[in-house]
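A.B. asks: Please find one structure pasted underneath; my questions will follow.
The values are calculated or read from the model by the stated rules, or taken from the named source; none is laboratory data. No experiment lies behind these values; they were computed from the predicted model shown. With ideal geometry, Cβ positions are generated from the backbone for all residues, glycine too; neighbour counts draw on all protein chains shown. Accessible surface areas use protein heavy atoms only, side chains included; no ligands, DNA or RNA. Shrake-Rupley method; radii C 1.70, N 1.55, O 1.52, S 1.80 Å.
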Amino acid sequence: MLTATPPTPTADIVRLIDSIQSDLERLRGLVQPQTLEFDPKDPRNKTADGKLTPRGVEICYRLFDAGKTRYAVAEAMAIAFGAASHRHETWKKAGGTAREKVALEAI
């Protein structure tokens, strides 16, 4: 008489471990401080009356490129949520992450 050996759950365990590792990597990316190549609160980003300069607009766009939300951009740049929302719409119209980036040194 043949006795069947029960299947080993090794494959399921390996998939579960891979899933957990993937989730941990994603969480690590969320909690680690992000290093930016620019300062969102740089005085060159705003005019004397508080409006964004062309450089400030590009900084907003780069923050959106990096996946920041409108709330995060408003906080980072010390601008109103409505202003960040407006810039988000213009960023999308410019092509979003596929838009042509402007060199900060040129602005």
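A.B. asks: Just to be sure I follow: if Rg is taken over the C-alpha atoms of the chain and Rh is the Kirkwood radius over the same atoms, what is Rg/Rh?
C.D. replies: Ratio of gyration radius to Kirkwood radius: 1.34.
A.B. asks: Note the full-extension length gain between Ala103 and Ile17 as 0.36 nm times their separation in residues minus their Cα-Cα distance, in nm to one decimal.
C.D. replies: Separation in residues times 0.36 nm, less the Cα-Cα distance, equals 26.7 nm.
A.B. asks: Compute the helix-to-body angle for 10-31: its Cα long axis versus the longest principal axis of the chain, expressed 0 to 90° and rounded to tens.
C.D. replies: The angle comes out at about 20 degrees.
A.B. asks: Something else about it: Can you list residues whose amide H is under 5 Å from Lys46's amide H, if they're 5+ apart or on another chain and H is modeled 1.01 Å from N?
C.D. replies: Those qualifying (amide H under 5 Å, at least 5 residues apart or on another chain) are Thr53.
A.B. asks: Using a Cα-Cα cut-off of under 15 Å, which aspartates and glutamates could be cross-linked to Lys101, ignoring same-chain neighbours fewer than 8 residues away?
C.D. replies: Glu37, Glu58, Asp65
A.B. asks: Calculate what fraction, in whole %, of the accessible area of the chain sits on carbon and sulfur atoms when a 1.4 Å probe is rolled over the protein chains.
C.D. replies: With neighbouring chains kept in place, the figure for the chain is 59 percent.
A.B. asks: Roughly how many Å² is the accessible area per residue of the range 18-107, as a whole number, for a 1.4 Å probe?
C.D. replies: 68
A.B. asks: Let me check something: with ligands and nucleic acids excluded, how do Glu75, Glu58, Glu25 order by accessible area (1.4 Å probe), largest to smallest?
C.D. replies: Glu75, Glu25, Glu58
A.B. asks: Figure the gain on full extension for Lys41 and Thr90 (residue separation times 0.36 nm, minus the Cα-Cα span) and round it to one decimal in nm.
C.D. replies: Extra length from Lys41 to Thr90 when fully extended: 15.6 nm.
A.B. asks: A further question on this structure: Give the calculated FRET efficiency between Thr53 and Thr10 to the nearest 0.05, with a Förster radius of 41 Å applied to their Cβ-Cβ distance.
C.D. replies: 0.10
A.B. asks: Output the 0 to 90 degree angle, nearest 10, between the alpha-carbon long axis of helix 81-93 and the longest principal axis computed from the alpha carbons of the chain.
C.D. replies: 80
A.B. asks: Can you show me the helix-derived [θ] at 222 nm for the chain, built from DSSP H runs with n ≥ 4 at -39,500 (n - 2.57) apiece and divided by the number of residues, rounded to the nearest 500.
C.D. replies: Rounded to the nearest 500, it is -16500 deg cm²/dmol.
A.B. asks: Follow-up. Among Ala48, Ala80, Ala66, which residue has its Cα furthest toward the positive end of the charge dipole of the chain, with +1 on Lys/Arg Cβ and -1 on Asp/Glu Cβ?
C.D. replies: Ala48
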